[in-house]
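Undergrad: Next up is a structure, given as structure tokens.
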Ligand code: BES
Ligand code: ZN
Ligand code: ZN
């Protein structure tokens with residue numbers, strides 16, 4: 001279902017493009033924008049009154065119209081909430097909700113107005129959000145279903161969009177590239193731990209590199225040992241699958257420029273190791289590779305959109321299991337940086353693989369580094385599923401990322417990295433312990449641990465995506481499974497960086 005939906009731009013009024021249903025956006029506490037067609041307007045008004053359709057954000061309704069030749073058979077109402085509360089997040093999710101509602105109602109074709117009336121957005125920005133959101137919502141993972149659905153791809157016409165308009169076409173092309181990258185990697189991200197182990201991650205990365213023209217290097221356990229990455233190796237010690245540090249690089253970028261380096265936690269399964277997780281918390285821990293999955297999708301986007309800035313993606317892939325060789329709580333290891341770590345909780349493993357990866361990344365002399373990680377359960381307590389936390393050693397970088405997320409609809413929320421938190425990681429036995437002593441401020445102590453492996457002269461940001469990377473049950477706007485949160489945000493960030501020196 002990768003090409004689903006299929007998009008067309010049309011100059012015509014969305015009402016008259018021959019689609020099975022026409023989307024009508026409705027603002028809460030405002031009169032709906034009824035069509036000029038009197039019969040249809042009456043039917044709509046009656047339906048809205050009868051069902052008390054209020055236009056709340058993501059509220060949908062399928063309204064049948066009296067049959068007539070020159071209009072759609074249905075109107076699909078989609079609420080956008082209050083105009084005063086409108087943000088790109090609303091439109092992104094509304095688009096996704098529309099696609100999911102269309103599939104649920106077995107509609108084959110839809111017409112969509114290119115811009116909800118009154119929304120303060122440029123037409124190309126709205127089109128980008130709508131097309132990307134619809135592709136996101138229509139996604140289905142059916143690999144293990146014996147009888148997958150056989151429906152045709154949904155056809156979507158964006159009305160009021162001159163098909164030759166270069167800006168709109170560019171926005172649509174970008175939406176398609178980003179959506180296809182997300183869909184392709186999502187199929188892998190949704191694979192269970194028995195299939196998607198670190199070796200499979202490395203194979204998949206190599207295949208993508210070949211397909212899209214990226215350089216690819218994989219360090220196995222022996223290579224990691226030679227580089228002194230003992231923290232990384234401590235995580236995979238209890239697993240039968242060897243770890244892999246995958247590095248992908250774009251080609252043909254401008255010479256002499258420092259790369260943007262994006263790093264993803266890629267724990268293909270997090271059992272917790274000897275600090276074993278309870279079974280309920282473990283059920284969905286195949287999702288612990290999602291930081292790395294976002295990095296893969298971003299690298300496809302970087303290759304296909306031919307960014308002029310060099311972009312490097314690194315995936316720290318390992319499986320965290322409690323096998324006989326597993327790291328014991330209290331074990332002390334020396335990291336690639338030379339610092340030693342007392343591993344008091346083997347379930348705080350993401351920071352261990354990332355510590356060594358951040359050390360190796362510094363050798364690339366990055367212009368900036370961003371890591372994405374399903375690092376802590378604590379971020380779920382703080383922000384739920386609505387936002388990822390951003391923590392950085394550089395205020396400008398943090399602001400750039402937050403702003404990029406605001407325009408793509410991906411919420412980031414900042415937390416502080418004051419030095420006062422550093423003492424949480426002190427231990428009499430080594431340079432650092434891998435969990436905070438008090439157990440409070442878990443998101444910050446996790447990020448502070450990472451910061452210990454980044455020099456202050458490299459702008460670096462950490463995104464804790466534990467709450468945003470995955471949907472366990474189907475939602476109005478999100479299909480179950482990996483969301484690849486961060487892909488469109490980082491694509492936007494690089495787009496912005498392209499135009500700054
Ligand atoms: N992958 C988990 C983070 C996680 C936990 C995400 C629960 C979603 C729900 C991570 O490796 C982990 O287990 N972190 C520990 C850290 C703690 C031991 C300091 C956590 O958050 O419980
Ligand atoms: Zn863990
Ligand atoms: Zn983990």
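Undergrad: State whether one or more residues within the stretch 268-281 are within 13 Å of ligand 1 (Cβ to nearest atom), on the phi > 0 side of the Ramachandran plot and either more than 21 Å from the chain's Cα centre (by Cα) or surrounded by fewer than 19 Cβ atoms within 10 Å (Cβ to Cβ) (or both).
TA: So far as the stretch 268-281 goes, yes, one or more of its residues are within 13 Å of ligand 1 (Cβ to nearest atom), on the phi > 0 side of the Ramachandran plot and either more than 21 Å from the chain's Cα centre (by Cα) or surrounded by fewer than 19 Cβ atoms within 10 Å (Cβ to Cβ) (or both).
Undergrad: Here is a follow-up. Give me the pairs, please: first residue somewhere in the stretch 260-287 and modelled with pLDDT under 95, second residue anywhere and away from ligand 3 (no atom under 13 Å from the Cβ) and not in a strand (DSSP E or B), beta-carbon distance under 8 Å, and either six or more positions apart or on two chains.
TA: Once the first residue is modelled with pLDDT under 95 and sits in the stretch 260-287, no partner that is away from ligand 3 (no atom under 13 Å from the Cβ) and not in a strand (DSSP E or B) comes close enough.
Undergrad: Next question. Among (1) surrounded by fewer than 21 Cβ atoms within 10 Å (Cβ to Cβ); (2) more than 19 Å from the chain's Cα centre (by Cα), there is one condition residue 383 misses while meeting the rest; what is its number?
TA: Unmet for residue 383, out of (1) surrounded by fewer than 21 Cβ atoms within 10 Å (Cβ to Cβ); (2) more than 19 Å from the chain's Cα centre (by Cα): (2).
Undergrad: If you scan the stretch 4-25, which residues turn out to be over 16 Å from residue 107 (Cα atoms) and in contact with a helix residue (DSSP H, G or I) (Cβ under 8 Å, 6 or more places away or on another chain)?
TA: 9, 25
Undergrad: Residue 341 fails exactly one of the following numbered conditions: (1) within 16 Å of ligand 2 (Cβ to nearest atom); (2) closer than 21 Å to residue 201 by Cβ; (3) in contact (Cβ under 8 Å) with a residue 40 or more places away in the chain. What is the number of that condition?
TA: (2)
Undergrad: A further question on this structure: If I ask for residues that are in contact with a strand residue (DSSP E or B) (Cβ under 8 Å, 6 or more places away or on another chain), touching a residue at least 24 places away in the same chain (Cβ under 8 Å) and assigned to a loop (DSSP other than H, G, I, E, B), which ones from the stretch 36-58 would you list?
TA: Answer for the stretch 36-58, where residues must be in contact with a strand residue (DSSP E or B) (Cβ under 8 Å, 6 or more places away or on another chain), touching a residue at least 24 places away in the same chain (Cβ under 8 Å) and assigned to a loop (DSSP other than H, G, I, E, B): 53, 54, 55, 56, 57, 58.
Undergrad: Kindly evaluate residue 304 against the criterion of being more than 14 Å from ligand 1 (Cβ to nearest atom), over 30 Å from residue 493 (Cα atoms) and either touching a helix residue (DSSP H, G or I) at 6+ places or on another chain (Cβ under 9 Å) or modelled with pLDDT of 95 or more (or both).
TA: On the way: more than 14 Å from ligand 1 (Cβ to nearest atom): yes; over 30 Å from residue 493 (Cα atoms): no; either touching a helix residue (DSSP H, G or I) at 6+ places or on another chain (Cβ under 9 Å) or modelled with pLDDT of 95 or more (or both): yes.
The answer is no for residue 304.
Undergrad: Does any residue of the stretch 166-176 turn out to be over 20 Å from the mean Cα position of the chain (by Cα) and not in a helix (DSSP H, G or I)?
TA: no
Undergrad: May I ask you to verify whether residue 332 is touching a strand residue (DSSP E or B) at 6+ places or on another chain (Cβ under 9 Å), more than 16 Å from ligand 3 (Cβ to nearest atom) and in contact (Cβ under 8 Å) with a residue 60 or more places away in the chain?
TA: So residue 332 fits the description; yes.
Undergrad: If you go through the stretch 354-378, how many residues are crowded, with 20+ Cβ neighbours inside 10 Å, within 13 Å of ligand 2 (Cβ to nearest atom) and over 30 Å from residue 498 (Cβ atoms)?
TA: Count: 2.
Undergrad: Determine if the stretch 400-420 includes at least one residue that is at negative phi, within 16 Å of ligand 3 (Cβ to nearest atom) and touching a residue at least 40 places away in the same chain (Cβ under 8 Å). I'd like the intermediate steps shown before the answer.
TA: Narrowing the stretch 400-420 to residues at negative phi: 400-408, 410-420.
Applying the additional criterion that residues be within 16 Å of ligand 3 (Cβ to nearest atom) yields none.
Within the stretch 400-420, not a single residue is at negative phi, within 16 Å of ligand 3 (Cβ to nearest atom) and touching a residue at least 40 places away in the same chain (Cβ under 8 Å).
Undergrad: Residues to consider are 327, 357; find the one that is within 16 Å of ligand 3 (Cβ to nearest atom), within 21 Å of the chain's Cα centre (by Cα), at pLDDT 95 or above and within 21 Å of residue 242 (Cα to Cα).
TA: Details: 327 fails: within 21 Å of the chain's Cα centre (by Cα).
Every option except 357 fails the conditions.
Undergrad: What strands (runs of 3 or more DSSP E), lying completely within the stretch 309-349, carry at least 2 residues that are within 16 Å of ligand 1 (Cβ to nearest atom), in contact with a helix residue (DSSP H, G or I) (Cβ under 9 Å, 6 or more places away or on another chain) and within 24 Å of residue 368 (Cβ to Cβ)?
TA: The strands (runs of 3 or more DSSP E) meeting that bar are 311-320.
Undergrad: Is it the case, given these coordinates, that residue 405 is farther than 22 Å from residue 394 by Cβ and crowded, with 17+ Cβ neighbours inside 10 Å?
TA: No.
Undergrad: Output the residue which, of all residues in the stretch 428-458 that are within 16 Å of ligand 1 (Cβ to nearest atom) and surrounded by fewer than 16 Cβ atoms within 10 Å (Cβ to Cβ), is nearest to residue 385 (Cα to Cα).
TA: Filtering the stretch 428-458 for residues that are within 16 Å of ligand 1 (Cβ to nearest atom) and surrounded by fewer than 16 Cβ atoms within 10 Å (Cβ to Cβ), the one nearest to residue 385 (Cα to Cα) comes out as 440.
The values are calculated or read from the model by the stated rules, or taken from the named source; none is laboratory data. None of these values were measured; they are calculated from a predicted model. Cβ coordinates were reconstructed from backbone atoms using ideal geometry, including for glycine residues, and neighbour counts include every protein chain displayed.
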